[in-house]
Every structure is written in C-alpha cells, then in structure tokens.
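Written below as structure tokens is the structure these notes are about.
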Amino acid sequence: MDLLETISDLAIEKWKRMPAPIRLRELIRTIRTARTQAEEREMIQKECAAIRSSFREEDNTYRCRNVAKLLYMHMLGYPAHFGQLECLKLIASQKFTDKRIGYLGAMLLLDERQDVHLLMTNCIKNDLNHSTQYVQGLALCTLGCMGSSEMCRDLAGEVEKLLKTSNSYLRKKAALCAVHVIRKVPELMEMFLPATKNLLNEKNHGVLHTSVVLLTEMCERSPDMLTHFRKLVPQLVRILKNLIMSGYSPEHDVSGISDPFLQVRILRLLRILGRNDDDSSEAMNDILAQVATNTETSKNVGNAILYETVLTIMDIKSESGLRVLAINILGRFLLNNDKNIRYVALTSLLKTVQTDHNAVQRHRSTIVDCLKDLDVSIKRRAMELSFALVNGNNIRGMMKELLYFLDSCEPEFKADCASGIFLAAEKYAPSKRWHIDTIMRVLTTAGSYVRDDAVPNLIQLITNSNEMHEYTVQKLYKAILDDISQQPLVQVASWCIGEYGDLLVSGQCEEEEPIQVTEDEVLDILESLLISNMSSSVTRGFALTAIMKNSTRFNNTVNRIKKVVSIYGSSIDVELQQRAVEYNALFKKYDHMRSALLERMPVMEKTMTNGPTDIAQTNGEAEPGIIDTKPVPSTQPPSSQANDLLDLLGGNDLQLVIPTAPPPKQSTVGGELLDLLGDLNLGAPPAPVPQMSAPQLLLDGLSVQPLFNEISGIPPIIAYNKNGLKIDFSFERSSTNASVTVITTQAYNSTDSEMTDYVFQAAVPKTFQLQLLSPSSNVLPPFSAGSVTQVIKVLNPQKQQLRMRIKLTYNHKGSAMQDLAEVSNFPPQSWQ
C-alpha cells in the first residue's frame with residue numbers, strides 16, 4: 001500500500017511540475033510572428049510533439065485545448081491525423097465544450113474512407129436523442145457532413161423523428177441532414193416523405209429554406225417524387241409572392257431585399273417542377289414576371305435573383321413574352337460593370353440563342369462590344385455567341401467585326417475564330433468574291449493558326465469560281481509578295497499560280513486594276529519559296545509543282561523551269577526529290593504527254609460524307625480531301641467486352657463488329673468488294689484504298705475511283721433517341737454490287753453538357769457481313785451543335801430483312817452511361 005501511495009504521489013508531483021499547454025490564441029499569435037516558412041514549420045513541429053506527449057499521458061484536462069490547436073494546424077496544411085481518436089474521446093465526454101470541439105474535429109479530420117469514423121455511430125445516436133437541443137444539433141451537423149452510407153442507414157430513423165419535432169432549430173438541421181442521407185442512400189427517400197409535406201407550412205425562414213433544399217434533392221433524384229411534389233407549385237408561388245410583397249424585415253433583409261437566399265432556392269425548385277409540364281409552368285408564369293419586373297438591379301443581390309429567374313423562365317414552358325423579357329434582362333446584364341455578371345449573361349444567351357434567336361439578335365451590338373473586353377473568359381464567350389448570331393442578313397457586318405477581332409486577339413483565340421469564320425462564310429456567303437476575299441483575309445491575318453482543311457477547301461472554292469480566276473490569282477500573287485510567312489496562304493497562292501499562271505501574266509482582270517507581271521517575275525517568287533527558311537516541306541512541294549505546271553503555260557521560260565526541276569532531283573527532302581525526278585522524266589521520256597498531264601484541274605463539287613470531304617469532279621471521279629484534322633480516337637474495346645456484348649445480344653446468331661484501326665495490307669482501287677469485306681468475321685475493317693492528301697491530289701492531277709456512288713430515294717430512320725442522345729441512319733446502295741448497303745450514322749446530343757468517350761458498337765446476324773468504320777470524333781457537343789458521323793457497310797447477299805443490335809457507351813456529366821438497343825425498322829429499299 002505504501003508503494004502505491006508513493007507512485008501516486010510521484011505522478012501528481014510530476015504533473016504539477018509540467019507547464020500547462022499554451023492556449024490557442026497564444027499559438028496563433030506565435031505562429032504569425034514567424035518570418036520564414038522554415039521557422040513556422042519548426043514551431044508547429046515543437047507544438048505537435050508537446051500535444052503527442054499530452055495525448056500519451058491521457059491528459060483529460062487539456063485534451064479539448066490540444067485538439068483545438070490541432071484543428072488550427074490542420075487548416076494551415078500540416079498533418080493532424082494523430083488526433084482522430086482524441087476527437088472520439090471528446091465526443092463521448094459529457095461536457096458540451098468537449099463535444100463541440102470533438103464534433104468539429106470529426107468533421108475536419110474524418111471522412112467515410114477511414115474506418116475509425118464507424119466508432120462514432122453509437123455516440124451520434126445517443127446525442128441525437130439528447131435532452132439538449134444544441135447537442136442534438138452538433139450530432140445532426142456531423143452526420144450531415146461526413147456520415148457514410150452505413151451510418152446513414154443506422155441513423156435515418158432518428159433524423160426522421162427530429163424532422164417532425166416542433167423545434168425549428170432542430171428541424172432545419174434535420175432537413176439538411178436528410179439531404180445527405182438521401183444522397184448516400186437514395187432508397188430511404190420515401191421515409192422522409194410524410195415529414196416533408198408539412199415543412200412548407202413553417203413560418204421560420206430557416207426551416208423553409210432547408211425544406212426547399214430537401215424537396216429539390218428529392219425531385220432531382222426521383223421522377224416519382226417530382227410528379228408527387230408538382231401539386232406544391234401554388235404553395236411555392238404563394239411563399240415567393242409573400243417574400244416579394246412583404247415589407248422591411250430586419251432579420252431577413254439583404255440590401256433591401258427580403259431573404260434573397262430563400263428566393264433563389266424557390267426559383268430553382270420551380271425550375272425543376274415546371275420543366276416539361278404545361279400546368280405547372282402556367283401556374284408560375286405570373287410570379288416569374290413579377291420577380292423579373294420588381295426586383296432591384298442596383299445591388300448584386302437583386303442581380304442574383306434576376307439571373308435565377310431568367311434560368312427558370314428559359315427552362316420551363318413559359319410564354320413567349322416572358323422569354324423575351326428574360327433575354328432583355330440578360331441584355332442589361334451585358335452593360336453591367338461587374339465582369340462576373342457579364343460572363344453569366346453571355347453564357348446564358350449562348351444556351352438560349354438556338355430557341356430564341358430573334359430575341360437575342362436585338363442585343364447583337366452589345367455582344368460584339370464584349371469582344372473588346374480585357375477579360376479572356378468574356379472574350380471567348382462573346383466570340384462563341386457572335387458566331388451563333390451570324391445569319392444571311394448580318395453576315396457582312398458580323399464578319400467585319402470578327403475579322404477585326406481576329407486581327408487583334410490573343411493567339412489562343414485565333415484558331416477557333418478562324419474556323420468559325422470559315423464555317424460561317426461557307427454557309428452564308430453573299431457572293432463568291434466576298435467568300436474568297438474573306439478566307440484570304442483570314443489566311444493573311446492568322447494563316448499559321450487555321451485548320452489543315454483550309455487549304456483544300458479554298459482551292460475547291462477557287463476552282464469552282466470560273467469567273468474569279470484572274471482576280472484570285474492576282475490577289476494571291478500580291479499577297480505573297482508582301483508576306484511569305486503564312487504557310488497556308490502561300491500554299492494556296494502557289495497552287496493558283498500553277499493553275500492560272502497564264503492568266504496572271506496576261507494581265508487581264510475585270511474586277512480590279514490589272515498588274516503587269518512577266519514570266520520571270522512569277523518564277524522568281526516561286527523559286528524564292530523553294531529556298532526560303534520559312535517554307536515547310538509541303539509548301540516547297542506546292543511551289544515545285546506550280547513551277548512544273550507553268551512549263552505548259554509559259555512560252556519563254558521552259559529552259560529555266562527544266563533547270564530548276566533538275567536541281568531538286570538531288571534534294572535531301574525525299575518528297576521534293578521524288579517530285580523533281582518524276583517531272584524530269586516528263587521532260588525527257590514523256591514530253592509528248594506533258595501538256596495533257598499538266599492541264600488545268602476540272603471543276604470540282606464537294607459532298608460531305610463521314611469524316612473526310614469527297615471532292616467529286618464533273619467527270620464522275622472523286623478526290624478525298626481531309627476535313628477533320630483531329631486524331632481519330634481508338635474505340636476498340638478489350639476482347640472480354642466484345643464477348644460480353646455478344647452474350648447480351650444473344651450471340652448464337654450474331655456477329656459483333658467494332659471500329660478498329662485499318663490493317664497494314666493495301667488493296668488496289670479496282671479490287672473486288674467481297675475481297676475488301678473478306679475479314680469482317682474477325683471484326684476488322686476493309687483494307688483502305690491508298691489515299692493522298694487533297695493538296696497533292698489537286699497538284700498532281702490524280703484521282704481515285706469511288707467504291708460507292710450515292711443513290712437517293714431511301715428514307716432515313718431514327719435508330720435511337722433516349723436521354724438526349726439521338727442517332728439517325730441514312731442509306732446508300734452500291735452501284736457496283738446491289739447486295740451492299742452503306743449506312744451513315746449521325747449522333748446528336750441535345751443536352752446542356754457534352755458527351756465524351758462516345759463509342760458505337762453493332763452486332764448483326766451471321767447471314768450478313770458488316771464493317772464499322774472509325775467515327776469522326778468521340779465527343780458529342782451539347783445543344784446539338786454538331787454531330788459524330790460513322791459509316792457502316794453491310795453485305796446482304798441473300799436479300800434478307802436487316803436487323804441490328806447496337807451498344808452505346810459514353811460519359812455524361814461525370815457518369816459512365818451504357819445502353820443496348822435493337823434497330824429493326826430498316827426501310828425495305830435498304831435491303832431488298
């Protein structure tokens with residue numbers, strides 16, 4: 001007994017000699033005096049060591065203070081995980097101050113990834129049934145912050161009880177906790193349905209706010225709940241009207257507006273309830289008009305409410321006049337000095353321009369002014385919206401503004417702006433001369449930023465404009481005299497000079513004052529392109545071929561052309577050397593064929609197909625040109641996924657075809673169709689026809705016979721339409737083999753966010769042979785702003801009715817989506 005008393009006395013004496021740990025305020029003051037990061041780190045390490053010692057000695061007196069200091073260090077970014085168990089001990093304490101720090105530490109230091117948080121379940125359950133409302137509130141906050149699905153299942157009953165209590169303090173916290181429970185365990189949603197019905201009758205604004213949040217969560221997660229709560233629209237309208245019409249209320253007033261936070265929440269819930277429902281939308285039209293006209297706009301609070309009102313009006317089935325009012329509000333936002341307000345206005349107008357084009361057009365001048373904004377985010381949104389507003393009536397004025405923007409904008413905008421101008425000019429050009437001038441202006445301004453298909457597209461446009469050849473070649477010649485750094489411009493100019501060099505030398509041009517150019521001057525500029533350090537290998541190929549073509553157009557400089565061509569027969573550039581050697585052979589061995597081989601290219605007609613652009617000549621031949629320069633994504637799934645799809649589709653009589661990379665073997669142009677499709681059972685596409693780039697084809701005068709000729713008369717079908725994804729099938733029949741059908745699929749995304757990693761797979765009965773080519777992209781832009789095209793070739797030798805099963809996979813709003821469907825409504829013309 002004496003020994004025990006001695007040990008106890010020694011421990012008490014040691015404890016008395018130990019200094020009390022510093023308070024949190026003193027720690028904060030000490031850390032702020034640190035001059036360097038290393039000095040601060042040293043202070044933190046020293047304090048952490050003292051806290052660890054205190055924890056090891058089970059010091060209950062200062063545990064609360066030590067955990068509070070640990071939480072401060074955690075907020076500074078230092079590790080504080082060793083205090084997790086101490087938080088649990090504080091939660092189990094009977095003192096409110098200990099519980100408060102313990103629950104705060106649990107919310108900051110614990111989450112559902114750590115098993116230790118399960119030890120809190122019993123403590124939280126006890127505290128949810130505590131006699132003190134503040135302890136119950138702490139437990140509700142902690143469960144609503146970091147409760148796992150297991151904890152939510154165990155404690156949902158206690159939360160539901162507190163949701164029915166008469167204490168408004170607990171009801172609002174219980175409602176927020178119920179939101180977390182529903183997110184973790186959606187199947188528990190119906191448990192809260194009886195208690196939720198009465199929440200909107202509460203007068204307390206805090207309970208009203210949290211009840212609206214709970215209703216919103218339930219409606220977003222369950223279509224049944226959405227239908228059930230639509231009958232609450234009149235009650236929500238009444239609450240919102242009371243907020244607008246009520247007088248000054250000091251406890252809820254923010255800048256003269258009564259409880260803007262509750263107003264915003266109600267507007268969001270009305271947006272969900274009114275979407276795709278005529279009755280609900282009609283019930284809220286009047287109150288939305290009142291909010292839009294009576295809300296003060298001088299403060300940011302009012303602008304926030306107006307913005308939510310606009311989103312609600314645009315999302316429900318509102319009246320046309322109300323939609324115009326909403327767009328006018330966004331137009332006023334564009335004049336606001338706040339950059340954030342201007343940005344959200346541009347973003348909202350971009351979403352609505354497809355449905356309310358004329359209303360947005362009224363604010364075109366304000367939108368164009370935003371192109372001059374210093375903020376790059378506002379500039380980008382204004383540029384996208386400006387292109388969406390372009391039509392046949394305003395094409396000249398809009399292009400003038402966009403070309404000015406292209407000339408002065410930052411480099412990161414030039415590529416997108418140039419592409420947008422090309423597309424708009426091709427769609428709405430008032431004349432061919434204007435079209436050519438516009439594209440040449442873009443190439444002169446931002447030639448190095450344009451897409452790779454700009455060169456073949458402009459060449460095709462020039463070729464088709466017979467009356468503009470003299471004008472175009474003269475303009476391009478002047479352009480490269482001034483600047484040879486823009487490679488796409490130089491390539492087009494070289495091609496034109498090679499094709500129409502005789503028109504340039506003749507000096508005949510009705511469009512503007514002609515210039516006098518000699519044959520030697522033309523050759524001088526082309527030779528300067530060959531030796532310039534700024535010229536790429538492709539540009540040199542254009543220049544050399546232009547020189548060669550002019551050997552049949554010029555009369556006095558043929559010997560000079562022979563000399564230039566012979567020099568490059570020994571070039572270190574293999575492509576240039578090959579061209580020069582072939583041209584030398586034309587001069588020597590095949591000189592009698594030279595004039596026929598180098599004659600002008602015939603007029604071409606461009607037809608859009610899957611991915612590439614086919615430039616069809618008037619003689620029935622076609623030249624493939626590249627239009628999509630983005631790399632084609634690999635969409636070949638692992639073999640296990642392919643087998644799974646066959647199992648899902650009933651693989652006994654079906655074969656799966658997936659897009660793959662072309663095999664290395666090649667076939668000749670005149671190969672048999674059955675040979676091309678011979679490997680289909682293995683899921684491989686046909687061997688490709690050897691292709692050359694459009695510029696080289698146009699320069700060399702080569703052409704490729706198409707395998708399939710388009711035959712009209714087969715009606716298209718909608719193969720799939722679900723969840724905002726729509727897939728159309730259009731059909732062509734082969735003129736060389738009546739058993740072959742070519743199906744072009746076009747996928748559209750009508751939702752408000754893009755779909756990525758899009759993969760289309762197909763399976764057909766084994767009596768058919770099917771080939772699925774690579775898609776044009778794997779990203780579907782929102783609002784049906786573009787499509788992904790893909791070609792399917794089907795060999796049906798027995799002329800049986802076609803049926804197909806498809807599998808679709810894509811990512812949408814962060815979720816991986818997958819669906820299976822069967823297509824059996826093929827028109828008889830596609831298979832008979």
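The values are calculated or read from the model by the stated rules, or taken from the named source; none is laboratory data. Since this is a predicted model, take the numbers as computed values, not measurements. Cβ sites come from the backbone with ideal geometry, for glycine too, and all protein chains shown count toward neighbours. Side chains included, ligands, DNA and RNA excluded: accessible areas come from the protein's heavy atoms. Shrake-Rupley method; radii C 1.70, N 1.55, O 1.52, S 1.80 Å.
Does segment 212-228 hold any residues that are of a type outside the set (Val, Ile, Thr) and either buried (at least 21 other Cβ atoms within 10 Å of the Cβ) or part of a helix (DSSP H, G or I) (or both), and which are they? Let's see the steps before the verdict.
Restricting attention to segment 212-228, the residues satisfying the condition of being of a type outside the set (Val, Ile, Thr) are 214-215, 217-226, 228.
Correct list: 214, 215, 217, 218, 219, 220, 221, 223, 224, 225, 226, 228.
So the check is Cβ under 6 Å with 6+ separation or different chains; which pairs have a first residue in segment 86-115 that's farther than 23 Å from residue 57 by Cβ and a second one that's open to solvent by less than 80 Å² (accessible area, probe 1.4 Å) and part of a loop (DSSP other than H, G, I, E, B)?
From segment 86-115, the pairs are 112/148.
Within segment 770-804, track down each residue that is more than 30 Å from residue 354 (Cα to Cα) and open to solvent by 60 Å² or more (accessible area, probe 1.4 Å).
Correct list: 797, 798, 799, 800, 801, 803.
Just one of 412, 499 is crowded, with 20+ Cβ neighbours inside 10 Å, in a helix (DSSP H, G or I) and among the acidic types (Asp, Glu); which is it? Give the derivation first.
Details: 412 fails: crowded, with 20+ Cβ neighbours inside 10 Å.
Residue meeting the stated conditions: 499.
Across segment 805-832, which residue is most open to solvent (accessible area, probe 1.4 Å) among those that are free of Cβ contacts under 8 Å to residues at least 40 places away in the same chain and part of a loop (DSSP other than H, G, I, E, B)?
Across segment 805-832, the extreme among qualifying residues is 832.
When the residues of segment 37-60 are narrowed to those that are surrounded by 15 or more Cβ atoms within 10 Å (Cβ to Cβ) and among the acidic types (Asp, Glu), which ends up nearest to residue 81 (Cα to Cα)?
Across segment 37-60, the extreme among qualifying residues is 47.
For segment 229-306, please list each of the helices (runs of 4 or more DSSP H) lying entirely inside it that holds at least 1 residues being of a type in the set (Val, Ile, Thr), closer than 21 Å to residue 333 by Cα and open to solvent by 30 Å² or more (accessible area, probe 1.4 Å). Steps first, please.
Values: elements: 233-245, 260-274, 278-294.
So the answer is 278-294.
What are the residue pairs meeting all of these: first residue in segment 704-732, first residue under 14 Å from residue 824 (Cα atoms) and among the aliphatic types (A, V, I, L, M), second residue at pLDDT below 90 and open to solvent by 30 Å² or more (accessible area, probe 1.4 Å), Cβ atoms under 6 Å, and 6 or more apart or on different chains?
Once the first residue is under 14 Å from residue 824 (Cα atoms) and among the aliphatic types (A, V, I, L, M) and sits in segment 704-732, its partners that are at pLDDT below 90 and open to solvent by 30 Å² or more (accessible area, probe 1.4 Å) give 717/825.
Out of all the residues in segment 88-103, is one or more among the hydrophobic types (A, V, I, L, M, F, W, C), buried (at least 21 other Cβ atoms within 10 Å of the Cβ) and more than 23 Å from residue 20 (Cβ to Cβ)? Don't jump to the end; show me each part of the working.
As a first pass, look at segment 88-103 and keep what is among the hydrophobic types (A, V, I, L, M, F, W, C): 88, 90-92, 96, 101.
Still in the list and also buried (at least 21 other Cβ atoms within 10 Å of the Cβ): 90-91, 101.
Filter once more, keeping what is more than 23 Å from residue 20 (Cβ to Cβ): 91.
Scanning segment 88-103 turns up at least one residue that is among the hydrophobic types (A, V, I, L, M, F, W, C), buried (at least 21 other Cβ atoms within 10 Å of the Cβ) and more than 23 Å from residue 20 (Cβ to Cβ).
Would you tally the residues in segment 785-832 being touching a strand residue (DSSP E or B) at 6+ places or on another chain (Cβ under 6 Å), among the small types (Gly, Ala, Ser) and at pLDDT 85 or above? First the steps, then the outcome.
Initially, segment 785-832 is screened for residues touching a strand residue (DSSP E or B) at 6+ places or on another chain (Cβ under 6 Å), giving 787-795, 804-812, 817-823, 825, 830.
Adding the requirement that they be among the small types (Gly, Ala, Ser) leaves 787, 821, 830.
With at pLDDT 85 or above added as a condition, the list becomes 787, 821.
So the count comes out to 2.
Would a scan of segment 566-576 turn up a residue that is under 26 Å from residue 476 (Cβ atoms), among the small types (Gly, Ala, Ser) and either open to solvent by less than 20 Å² (accessible area, probe 1.4 Å) or in contact with a helix residue (DSSP H, G or I) (Cβ under 6 Å, 6 or more places away or on another chain) (or both)? Talk me through it step by step, then tell me what you get.
Narrowing segment 566-576 to residues under 26 Å from residue 476 (Cβ atoms): 567-568, 571, 573, 575-576.
Filter once more, keeping what is among the small types (Gly, Ala, Ser): 571.
Still in the running and either open to solvent by less than 20 Å² (accessible area, probe 1.4 Å) or in contact with a helix residue (DSSP H, G or I) (Cβ under 6 Å, 6 or more places away or on another chain) (or both): 571.
Yes, segment 566-576 contains at least one residue that is under 26 Å from residue 476 (Cβ atoms), among the small types (Gly, Ala, Ser) and either open to solvent by less than 20 Å² (accessible area, probe 1.4 Å) or in contact with a helix residue (DSSP H, G or I) (Cβ under 6 Å, 6 or more places away or on another chain) (or both).
Quick check on my filter: what residues within segment 307-343 are more than 15 Å from residue 269 (Cα to Cα), open to solvent by 30 Å² or more (accessible area, probe 1.4 Å), assigned to a helix (DSSP H, G or I) and touching a helix residue (DSSP H, G or I) at 6+ places or on another chain (Cβ under 7 Å)?
Selection gives 323, 324, 325, 339, 343.
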